[in-house]
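> My structure is below; once you've seen it, I'll send some questions.
The values are calculated or read from the model by the stated rules, or taken from the named source; none is laboratory data. Everything numeric here is computed off the predicted structure, so don't read it as measured data. When we count neighbours, we look across all protein chains shown, and the Cβ atoms used for this are built from the backbone with ideal geometry, even at glycine.
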Amino acid sequence: MIRALLLCACACLAAASPSFAQTPAAPMTWQSLSPQQQQLLHNFQGKWDGLPADRQQALAKGSSRWLSMTPGQRASAQQRFGQWRAMSPDQRQQLRQRWQQFKSLPPEQQQHVREQFQKFKQMPPQQRQELRRQWRQMTPEQRRRVIQRVAVTGHRNLR
């Protein structure tokens, strides 16, 4: 279940970071952005043409998504951005790897991870803290067995 938490957290944080294009991106002109996007991305105006096309696409996509968010969604995204910035480069790399692991799961397993994460989030804080403590004290082999048991039976007890 903790693995599910970590994978889902990766999904949340990765959703807030620029996506990586599957195919080569076409360069965008600054003028092709809407006035609202230009205002949001004003710090990039002078260097826009020097940015790689995939970065331009990611910024344009992110700005469009930002502009379509509610104030509550924006507050959540800002919190995730802050968490991302506070991470060390190693932590960010580990998170990227976990995100790729999550994305490589079949859709039904991804859904299961999401559901388990929602259940985890709904637990009282003390219960979540206790699960984290138990997880940290386990050996890698014990963790592997718990993950297998949860995947097969849905049983979430760490013992």
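> So how many residues does segment 35-89 have that are part of a helix (DSSP H, G or I), among the aliphatic types (A, V, I, L, M) and under 26 Å from residue 25 (Cα atoms)?
Final tally of qualifying residues: 7.
> Let me ask something else. Among the residues of segment 146-159, is any hydrophobic (A, V, I, L, M, F, W, C) and closer than 30 Å to residue 41 by Cβ?
Looking only at segment 146-159, we keep the residues that are hydrophobic (A, V, I, L, M, F, W, C), and these are 146-147, 150-152, 158.
Adding the requirement that they be closer than 30 Å to residue 41 by Cβ leaves none.
No, there is no match, as no residue in segment 146-159 is hydrophobic (A, V, I, L, M, F, W, C) and closer than 30 Å to residue 41 by Cβ.
> Restricting attention to segment 128-149, which residues are over 16 Å from residue 117 (Cα atoms), basic (Lys, Arg), without any contact (Cβ under 8 Å) to a residue 60 or more places away in the chain and surrounded by 11 or more Cβ atoms within 10 Å (Cβ to Cβ)?
144, 145, 149
> Residue 114: closer than 25 Å to residue 148 by Cβ and either among the small types (Gly, Ala, Ser) or in contact with a Cys (Cβ under 8 Å, 6 or more places away or on another chain) (or both), yes or no?
On the way: closer than 25 Å to residue 148 by Cβ: yes; either among the small types (Gly, Ala, Ser) or in contact with a Cys (Cβ under 8 Å, 6 or more places away or on another chain) (or both): yes.
The answer is yes for residue 114.
> If you check 102, 44, which single one turns out to be in contact with a helix residue (DSSP H, G or I) (Cβ under 6 Å, 6 or more places away or on another chain) and either surrounded by 10 or more Cβ atoms within 10 Å (Cβ to Cβ) or aliphatic (A, V, I, L, M) (or both)? Please lay out each step first, then the result.
Values: 44 fails: in contact with a helix residue (DSSP H, G or I) (Cβ under 6 Å, 6 or more places away or on another chain).
None of the others qualify; the one that does is 102.
> Only one of (1) modelled with pLDDT under 95; (2) surrounded by 11 or more Cβ atoms within 10 Å (Cβ to Cβ); (3) over 23 Å from residue 121 (Cβ atoms) fails for residue 95. Which number is that?
Of the numbered conditions (1) modelled with pLDDT under 95; (2) surrounded by 11 or more Cβ atoms within 10 Å (Cβ to Cβ); (3) over 23 Å from residue 121 (Cβ atoms), the odd one out for residue 95 is (3).
> Please work out if residue 74 is of a type outside the set (A, V, I, L, M), closer than 30 Å to residue 35 by Cβ and in contact with a Phe, Trp or Tyr (Cβ under 9 Å, 6 or more places away or on another chain).
Considered against the rule, which asks whether it is of a type outside the set (A, V, I, L, M), closer than 30 Å to residue 35 by Cβ and in contact with a Phe, Trp or Tyr (Cβ under 9 Å, 6 or more places away or on another chain), residue 74 comes out as yes.
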